[in-house]
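Enquirer: Starting off with a structure, shown below.
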Amino acid sequence: MATATPKRDILKTLRSEHDELRGLFEQINATTDRAVKTRAELLRKVEAGLLPHANWEEEVFYPAIGERADRDGKKAIAEAYLEHHAIESVVMPEVKASDTASPEFAGAAKVFGEQLDHHATEEEGTVFKLARALFSAEELAQFDQQYQDWKASAAGLARVGAEKVKGAVKSTARTLAQ
Ligand SMILES: [Fe+2]
Ligand SMILES: [Fe+2]
């Protein structure tokens, strides 16, 4: 009996999450400084989508690719890690620290979206190509299942939960300050 081709594919999942994030940044960029609630909600959605995605890539996917990759592949993975770090530790905190009613927020959010798009586009071109060459369709399907299970697990949910709590504290502080 012929084995059915696995339908799941981690690269498709990651790419569609990139597209969701790109769409959220398009919406953020279209907001005015008066759209305080919309901006906060869109930023919350960006974090909820980005953090588990990036965390899983860093902890599971990049190391697995790095293990099998040649020197150029390892270099591409090193670039991807550093781009994550720059976004998570520099750009994203800058956006979160700015007042959603300000042009500073609009500017910082635009840079956030641009950096993310740059990283995602490069990842789709380089890292995904590597993964396609290094892993079988079966393995890519297994990664997809593992990613889905991890996102639903306590560890995956904690990545979003921690940010949600911080966001709630911040918006409460903002309400009190008004
Ligand atoms: Fe990434
Ligand atoms: Fe990604």
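Enquirer: What is the fewest-to-most order of V90, V127 by other Cβ atoms lying within 10 Å of their Cβ?
Expert: V90, V127
Enquirer: Pop a pseudo-label 7 angstrom from the Cα along the beta-carbon direction at both K110 and S136 and give the gap in nm to one decimal.
Expert: Result: 5.0 nm between the two label points.
Enquirer: Among L134, L14, L140, what is the fewest-to-most ranking by other Cβ atoms within 10 Å?
Expert: Fewest-to-most ranking of L134, L14, L140: L134, L140, L14.
Enquirer: Based on alpha-carbon positions alone, could you give the equivalent ellipsoid semi-axes of the chain from the gyration tensor, as √(5λ), descending, whole Å? Please report the intermediate quantities before stating the final value.
Expert: On the way: eigenvalues 218, 60, 41 Å².
Over the Cα atoms of the chain, the semi-axes work out to 33, 17, 14 Å.
Enquirer: Could you pull out the pairs from K12/K110; K12/K45; K12/K75; K7/K110; K96/K129 whose alpha carbons sit more than 31 Å apart here?
Expert: Going by Cα-Cα distance, K7/K110; K96/K129 fall outside the 31 Å limit.
Enquirer: Using unit Cβ charges (K, R positive; D, E negative) and no other charged atoms, how large, in debye to the nearest 20, is the dipole of region 10-177 about its Cα centre?
Expert: I would put it at about 600 debye.
Enquirer: Check the straight Cα-Cα distances from K37 and name the aspartates and glutamates below 15 Å, setting aside those fewer than 8 residues away within the same chain.
Expert: Correct list for K37: D99.
Enquirer: Looking at L14, W56, T31, which one has the Cα that reaches farthest to the positive end of the dipole of region 1-62 (charges on Cβ: Lys, Arg +1; Asp, Glu -1)?
Expert: About the Cα centre, the residue reaching furthest to the positive side is T31.
Where a number appears in this text, it was derived from the coordinates with a stated rule and is not lab data. As the structure is a prediction and not an experimental result, all values here were calculated from the model. As a convention, Cβ positions derive from the backbone with ideal geometry for all residues, glycine included, and neighbour counts pool all protein chains shown.
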